Amino acid sequence: MTTTPDETKPTEAVTAEVSPHDSMAAATARRYGTPDMIRIEQLPVPTPKDGEVLVRVETSSLNALDWHFLTGTPYLLRLTNGLRRPKRVIPGADFAGVVISAAADVTDFEPGDWVFGETAGGGCSRYITAKAEVIAAIPEGVSFEAAGATPVAGLTALQALRTHAKLCDGERVLINGAAGGVGTFAVQIAKALGAHVTAVCSTSKVDMVRALGADRVIDYSKENFTELDERFDVIMDNVGNHTTADCLKVMTTDARYVLISGPKENKWLDPMRKVLGSAIVLWRKPQSFHQFVASPNREDLDYLGSLLASRAVVPEVDRVVGLEGVAAGIAEIGTGHARSKIVVVPTSPEQRARR
Ligand SMILES: NC(=O)c1ccc[n+]([C@@H]2O[C@H](COP(=O)([O-])OP(=O)(O)OC[C@H]3O[C@@H](n4cnc5c(N)ncnc54)[C@H](OP(=O)(O)O)[C@@H]3O)[C@@H](O)[C@H]2O)c1
């Protein structure tokens, strides 16, 4: 299902809406485990530190990284997120919302501004704090739904294609895993950059991916892209399910292979095994190998905002859920076959009914 963005701005006043002892609803997982452990709790509203703003979250969205933080896999992730219990207890790295207050040293945003970006605090809650220097203003005409669906998936697609692959007008790009959060942004961004796009997905998602603008859609249950009789300047691989040697067969001599992810069978080492294997196969080959972890920055968010405002990119949203729908959404992502984006509106069903 594609939802139509709501272009109207909220009318309620922003000032003085939060006092120090207020609480908020948040989806939480206090132990590593499975999505059924997710609960809805009342937590204190966070206080912005130096360089931060307090944001009332209007929308967040779910990403594969929420599955990783919930399950604590790969296990190496626990070195930074807590060995026995997760430090990051609220899912939702994406947010779009309204600035409520800002630390004294923040000069670029003020209460009432519409902003979007990434937060480590967890967007599946009513309020978050975020570092002002890596968030951006939501352009006029862009809905909270569109902005909240964009940060992690949009930044990953943009940085893969523009920053790493340096995709140029007229080049041929193949996007493997075109139907998920990252892939649905990648197809549209590649088209906006002027490329000819071949997109790979499963049967039930072919029509959706074609409607996003892909020039050619390959149903992976019927055709193996590594056996095509053609060559690509860029392969953006969101799945990593083919050997890198096989992918090489369909690359031009100066192609760029951008690996976003790999199989996740080994809970200690994946997807690093695929990354290392690809680096070895492409070592000393004319084709270049790129692997990266997408990072938030205002310049890229502003660029994504301009694509949203011009509607060159319209986030594909499978559904909008409340906090009570977060567990099922993350479980779906855990299957490896999620469809586009799941947007979260972090209010109760009663609050949503009143709006
Ligand atoms: N490096 C980074 O900074 C970074 C950032 C974000 C995400 N990631 C990683 O990138 C991957 C993609 O992220 P995402 O947000 O798009 O995940 P997602 O929303 O869960 O989507 C995954 C997609 O993979 C597709 N897929 C599964 N098997 C496939 C196959 N054999 N061939 C083609 N497509 C297949 C699925 O489509 P079908 O249902 O059609 O099979 C699904 O739509 C995840 O593994 C994530 O962890 C990395």
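Among all stretches of the chain without exposed GluC sites (Glu not before Pro) (DSSP loop, at most 13 other Cβ atoms within 10 Å), which one is longest? Working shown, then result.
Working: sites that count: GLU7, GLU12, GLU140, GLU223, GLU230, GLU265.
After excluding every exposed loop site, the longest remaining stretch is 13-139.
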* Within the chain, percent of DSSP bridges classed antiparallel, to nearest 5 -> 50
* Debye, to nearest 20: dipole size of the stretch 153-291, +1 on Lys, Arg Cβ, -1 on Asp, Glu Cβ -> 380
* Most positive-pole-ward Cα, GLY240, LEU54, PHE116, against dipole of the chain from beta carbon charges -> GLY240
* FRET efficiency estimate (nearest 0.05) - Cβ-Cβ, ASP22 to GLU133, R0 30 angstrom -> 0.70
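Give, as a single signed number, the net charge of other residues whose beta carbon lies under 11 Å from the beta carbon of ALA26, with Lys and Arg counted +1 and Asp and Glu -1. Working shown, then result.
On the way: positive: ARG39, ARG126; negative: GLU41.
Within the 11 Å Cβ shell, the charges total +1.
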* Asked: How far is helix 298-309 tilted off the main Cα axis of the chain, in degrees rounded to 10, range 0 to 90?
  -> 90
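If we count chymotrypsin sites (Phe, Trp or Tyr not before Pro) as exposed when they sit in a DSSP loop and have at most 12 other beta carbons within 10 Å, what is the longest stretch of the chain that avoids them all?
On the way: sites that count: TRP268, TRP283.
Longest stretch, sites excluded: 1-267.
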* Cα gyration tensor, the stretch 153-291 - rounded (a/c under 1.5), prolate or oblate -> rounded
* Structure fact -> dims of the chain, Cα set, principal axes, largest to smallest, nearest Å -> 63, 45, 39
* Structure fact -> Calc'd 3J(HN,Hα), the stretch 94-110, phi into Karplus 6.51 cos²θ - 1.76 cosθ + 1.60 (θ = phi - 60°), Hz, glycine/Pro = x, comes to 8, 8, 9, x, 10, 5, 9, 7, 9, 4, 4, 8, 8, 10, 8, 9, 9
* **Gap separating the Cα centres of the stretch 46-61 and the stretch 92-146, nearest whole Å** => 6
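To make sure I understand, if each residue's beta carbon is the centre and we count other beta carbons within 10 Å, what order do SER125, SER310, SER19 fall in, fewest to most? Don't skip to the answer; put the middle values down first.
Details: SER125 28, SER310 12, SER19 7.
If I rank by nearby Cβ atoms, fewest first, I get SER19, SER310, SER125.
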* Rounded to the nearest 10 degrees, what's the angle between the helix 272-282 long axis and the longest principal axis of the chain, both from Cα atoms, 0 to 90? => 40
* Could you size up the charge dipole of the chain around its Cα centre, putting +1 on the beta carbon of Lys and Arg and -1 on that of Asp and Glu, and report it in debye to the nearest 20? => 1200
* Structure fact -> Farthest towards the positive end of the dipole of the chain, among PHE185, SER306, THR80 and with Cβ unit charges of +1 on Lys and Arg and -1 on Asp and Glu, lies the Cα of THR80
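Among residues other than GLU230 whose Cβ falls under 15 Å from its Cβ, what is the net charge (Lys/Arg +1, Asp/Glu -1)?
Working: positive: ARG172, ARG216, ARG231, LYS249; negative: GLU171, ASP215, GLU223, GLU227, ASP229, ASP233, ASP246.
Combined, the nearby Lys, Arg, Asp and Glu give -3.
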* the chain, helix-only ellipticity at 222 nm - DSSP H runs n ≥ 4, -39,500 (n - 2.57), divided by all residues, nearest 500 -> -6500 deg cm²/dmol
* Asked: GLY117's amide H: which non-local residues (gap 5+, or another chain) put their own amide H closer than 5 Å, with H modeled 1.01 Å from N in plane and none for Pro or chain starts?
  -> PHE95
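Going through the stretch 272-316, which trypsin sites (Lys or Arg not before Pro) have at most 13 other Cβ atoms within 10 Å and a DSSP loop state?
Values: sites: ARG273, LYS274, ARG284, ARG298, ARG311; in loops: ARG284, ARG311.
When the trypsin sites (Lys or Arg not before Pro) of the stretch 272-316 are filtered for loop state and at most 13 Cβ neighbours within 10 Å, ARG284, ARG311 remain.
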* Asked: So which trypsin sites (Lys or Arg not before Pro) in the stretch 141-227 end up in coil per DSSP with only 11 or fewer other C-beta atoms within 10 Å?
  -> LYS222
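No value in this document is a laboratory result; all are computed from the given coordinates. Source: prediction; values computed, not measured. Positions of Cβ are generated from backbone atoms using ideal geometry, with glycine treated the same way; all protein chains shown enter the neighbour counts.
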